[in-house]
């Protein structure tokens, strides 16, 4: 750690604090500390530190001055919402809407909470989150651990930020697929007044049989029902569908047809993958980890392929939020060039730090300005 500090100081003295000190601090000080912990413990330690720092008068403004990059050309208007920039935090990081106020200081354009279920559930047994650092990836089998939709509302009522908040919803593990529709309807009605858009999650591989809900008949029924309920609300909310990167082209064609038939507002492409192809991590280690959804750099290429296919095959008929393996500004630009309207980060946020958000936004201004 001492040598890391020396490297950090040497580099910092040459380049100037304003330009690179916080990126280096994360790389040489914060990340080694967090990666020395079990991943799930590191998650709560990091968010705890952010919560503490954000409670100190003046510190939130200081954090924003370092990370929150503003530019008029970053603003995006999609499905009736205004995003201050196109870089969001994907679902899974702030499942229970605990830290969205604090995370907003880091420069995100939007934050997606969840996945939330009607009833609280503890998720799968620990350990259930694993780093595969050689591949800059994560494997998780969290299992929709959350405190329930009604509990999240307690904190959503204490909203201190004007950042766009999405609500990612799923079914309880104990709920059979035959009864899944009721879980999604409950979540939709419960959270409707407290989030700005909804994401229907039927593609997480870590809940038993959930991905079977990607079948066309169920999706038509589910999305049709949510659209019907939505039209009866005083302020209808955008509805998006999150899909898996493991769908083949025929299945992606069905997704395009489903969007056209149900008239939902967009697609998030893509969730984690069950695939384990072309990994650098030792095969024995992968076998020890066993089941779980893989995220990070290993899904970068496939998620971009899915985005490009959906965009081109549909003739850009609907907005797409691109997610999967974004670890650099160039990765984000690639997603946007493939047809994404917005992007989300998660694993890249963990590996590269909060400076990645600003890096992406500056690159977008430079390339599209």
Query raised in the report: How many residues does the range 35-50 hold that are in contact (Cβ under 8 Å) with a residue 40 or more places away in the chain and touching a helix residue (DSSP H, G or I) at 6+ places or on another chain (Cβ under 9 Å)?
Result: 5
Query raised in the report: So which residues in the range 208-231 are in contact (Cβ under 8 Å) with a residue 40 or more places away in the chain and assigned to a loop (DSSP other than H, G, I, E, B), if there are any at all?
Result: none
Query raised in the report: Which members of the range 72-97 meet the condition of being part of a loop (DSSP other than H, G, I, E, B), free of Cβ contacts under 8 Å to residues at least 60 places away in the same chain and out of contact with any helix residue (DSSP H, G or I) (no Cβ under 6 Å at 6 or more places or on another chain)?
Result: 75, 95
Requested in this report: Mind counting the residues in the range 321-363 that are touching a strand residue (DSSP E or B) at 6+ places or on another chain (Cβ under 8 Å) and in a helix (DSSP H, G or I)?
Outcome: 13
**Report entry** Among (1) under 19 Å from residue 79 (Cβ atoms); (2) surrounded by 20 or more Cβ atoms within 10 Å (Cβ to Cβ) - the single one residue 213 does not satisfy
**Finding:** (1)
Query raised in the report: Of (1) closer than 23 Å to residue 137 by Cβ; (2) in contact (Cβ under 8 Å) with a residue 40 or more places away in the chain; (3) surrounded by fewer than 19 Cβ atoms within 10 Å (Cβ to Cβ); (4) in contact with a helix residue (DSSP H, G or I) (Cβ under 9 Å, 6 or more places away or on another chain), residue 291 satisfies all except one. Which?
Result: (4)
Query raised in the report: What residue, among those in the range 216-251 that are closer than 22 Å to residue 305 by Cα and in contact with a strand residue (DSSP E or B) (Cβ under 8 Å, 6 or more places away or on another chain), is surrounded by the fewest Cβ atoms within 10 Å (Cβ to Cβ)?
Result: 246
Query raised in the report: Are any of the residues in the range 21-36 surrounded by fewer than 12 Cβ atoms within 10 Å (Cβ to Cβ) and either modelled with pLDDT of 95 or more or closer than 25 Å to residue 329 by Cβ (or both)?
Result: yes
Query raised in the report: What about residue 188, is it crowded, with 20+ Cβ neighbours inside 10 Å and not in a strand (DSSP E or B)?
Result: yes
Query raised in the report: Can you tell which of 234, 246 is without any contact (Cβ under 8 Å) to a residue 24 or more places away in the chain and assigned to a loop (DSSP other than H, G, I, E, B)?
Result: 234
Query raised in the report: Which of the residues that make up the range 137-175 are more than 15 Å from residue 194 (Cβ to Cβ) and in a loop (DSSP other than H, G, I, E, B)?
Result: 141, 142, 143, 144, 145, 170, 171, 172, 173, 174, 175
Report summary line: Among residues of the range 191-202 being touching a helix residue (DSSP H, G or I) at 6+ places or on another chain (Cβ under 6 Å) and assigned to a loop (DSSP other than H, G, I, E, B), the residue modelled with the highest pLDDT is 194
Query - Residues satisfying the stated conditions in the range 309-320, i.e. in a helix (DSSP H, G or I) and touching a residue at least 40 places away in the same chain (Cβ under 8 Å) - result: 309, 310, 313
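The values are calculated or read from the model by the stated rules, or taken from the named source; none is laboratory data. Treat the numbers as computed from the prediction; the structure is a model and nothing was measured. Note that we place each Cβ from the backbone using ideal geometry, even for glycine, and neighbour counts take in every protein chain shown.
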